[in-house]
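Data block below; observations after.
The values are calculated or read from the model by the stated rules, or taken from the named source; none is laboratory data. These figures come from a predicted structure and were not determined experimentally. Here the Cβ positions follow ideal geometry from the backbone for every residue, glycine too, while neighbour counts run over all protein chains shown.
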Amino acid sequence: MDKNKKCPHYKKCGGCQIHNLDYTDQLDFKMKKVVRLVGRFHHVENIIGMDNPYHYRNKVQAAFGRDKQNRIISGVYQSSTHRIVPVDECLIEDKKADEIIVTIRKLLKSFKLKTFDENRMTGFLRHVLVKRGFSSGEIMVVLVTGSEEFKSRRSFVNALLQRYPEITTIVQNVNNRRTSLVLGSKSIVLYGEGVIKEQLCGYTFTISPKSFYQINPIQTEVLYNKAMQFADIKKDDVVIDAYCGTGTIGIIASKFAGQVIGVELNKDAVRDARKNARINNVENIDFVCDDAGRYMVNLAEEGLKADVVIMDPPRAGSDVKFLKSLVTLSPRKVIYISCNPETLARDLMYLSKNKYKVRKIQPVDMFPHTEHIECVVLLTK
């Protein structure tokens, strides 16, 4: 497999910031960055790259609009702008998803459906979102529209299914607000169940239009297996999965632990997490809708303990309030999964000054051709 394909959109798009480097040089660049930022805390293991660093994105999102010649275009927003770069095929996106989006663009013309105009707030189709289960093979297509009215809805859906019978569900999401958010609050299922299922680390997870799910399933397995290896959970351990989202990592940890508690502030994510636990018949896990820091302080005040805390915060990292609560709860081990080595360095500094020592650092290349880097860090008291 050629690891150094060239992208025709590289200079215009801005999504793949380091695509100009050969893949081995990309890994070297990321490795040096991690060592520079967190190498002072512990030796950094060699970054785990991909055998085939292309077409790994299982979630593909395209904006729709018109060019200067008034032709329908679809693609990605140019970095830091609302200008659409027309894209038919992307080297990091799932090929089937890209094909479906191109077909929808052609169907718009034949069904005389208009693209949405953000300035005038008129028109129909704003975005298309495709999610595909790499293991399950299930495909979800979400049509994000500026209004609920959908002329020739049934015929349009049938035409799309005729071209792609492998599509398992089609959803219309209505977003009629002046916003940079892709999805609106109302969803209408046009075909199928409105969700797809996917397998990860031996478990099945439900993915809805709005639910968060890691976009590179191949490297997610690598990342999560490394986290479990570092955690070395014992059968009587109480594990807290902080920032648990839809419960993915907590459910994976449940087979090793006595009890797992997932804590998440987003109500929809907690509902999905509970559903995922039921699908997998996992009975030793509970999900709590609460601020993770506040929940851990309350646990400590009640004299309860956790043996292992797994934390996977957003790019901004953790806040001091959460880190203080972590130190107060005083688990035996902390597994920190980070998507930003800058904020990871800041948080490790705090924990290193407050009872904890970094024992292992493992970078994983989850997003080839981009600057993003994931790390799994083991800390013990």
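When you look at Gly245, is it under 16 Å from Ile310 (Cβ atoms), in a loop (DSSP other than H, G, I, E, B) and either among the basic types (Lys, Arg) or touching a Phe, Trp or Tyr at 6+ places or on another chain (Cβ under 8 Å) (or both), yes or no? When the stated conditions are applied, Gly245 passes them. Checking the structure you have, find out if any residue of the range 38-56 is assigned to a helix (DSSP H, G or I), outside the structural domain of Glu149 (by TED's automatic domain parsing) and touching a residue at least 60 places away in the same chain (Cβ under 8 Å). Yes - at least one qualifying residue is present in the range 38-56.
For the range 176-227, what are the residues that are in contact (Cβ under 8 Å) with a residue 60 or more places away in the chain, surrounded by 15 or more Cβ atoms within 10 Å (Cβ to Cβ) and assigned to a strand (DSSP E or B)? Passing the criteria: Ile196, Lys197, Glu198, Leu200, Tyr203, Thr204, Phe205, Thr206, Ile207. Scan the range 297-317 for residues that are under 21 Å from Ile252 (Cβ atoms) and not charged (D, E, K, R) and jot them down. Residues satisfying the conditions are Ala306, Val308, Val309, Ile310, Met311, Pro313, Pro314. In the range 166-188, of all residues being more than 20 Å from the chain's Cα centre (by Cα) and aliphatic (A, V, I, L, M), the one that is farthest from Ala62 (Cα to Cα) corresponds to Ile188.
Of the strands (runs of 3 or more DSSP E) entirely within the range 289-374, those holding at least 2 residues that are within 22 Å of Leu265 (Cβ to Cβ) occupy 308-311, 333-338. Which of the residues that make up the range 47-64 are among the small types (Gly, Ala, Ser) and surrounded by 21 or more Cβ atoms within 10 Å (Cβ to Cβ)? Correct list: Ala62, Ala63. The criterion of being buried (at least 19 other Cβ atoms within 10 Å of the Cβ), of a type in the set (Lys, Arg), outside the structural domain of Leu344 (by TED's automatic domain parsing) and under 25 Å from the mean Cα position of the chain (by Cα) holds for Lys131. For Leu108, indicate whether it is part of a loop (DSSP other than H, G, I, E, B), surrounded by 16 or more Cβ atoms within 10 Å (Cβ to Cβ), in contact with a Leu (Cβ under 8 Å, 6 or more places away or on another chain) and touching a residue at least 12 places away in the same chain (Cβ under 8 Å). Taking the combined requirement at face value, the residue does not satisfy it. Does at least one position in the range 257-272 carry a residue that is outside any loop (DSSP other than H, G, I, E, B), under 17 Å from the mean Cα position of the chain (by Cα) and modelled with pLDDT of 95 or more? No, the conditions are met nowhere in the range 257-272.
Entry remark, the range 235-266: residues being closer than 17 Å to Leu326 by Cα, surrounded by fewer than 23 Cβ atoms within 10 Å (Cβ to Cβ) and touching a helix residue (DSSP H, G or I) at 6+ places or on another chain (Cβ under 7 Å) number 1 in total. Exactly one residue among Asn354, Asn284 is modelled with pLDDT of 95 or more and closer than 19 Å to Cys244 by Cα, and that residue is Asn284.
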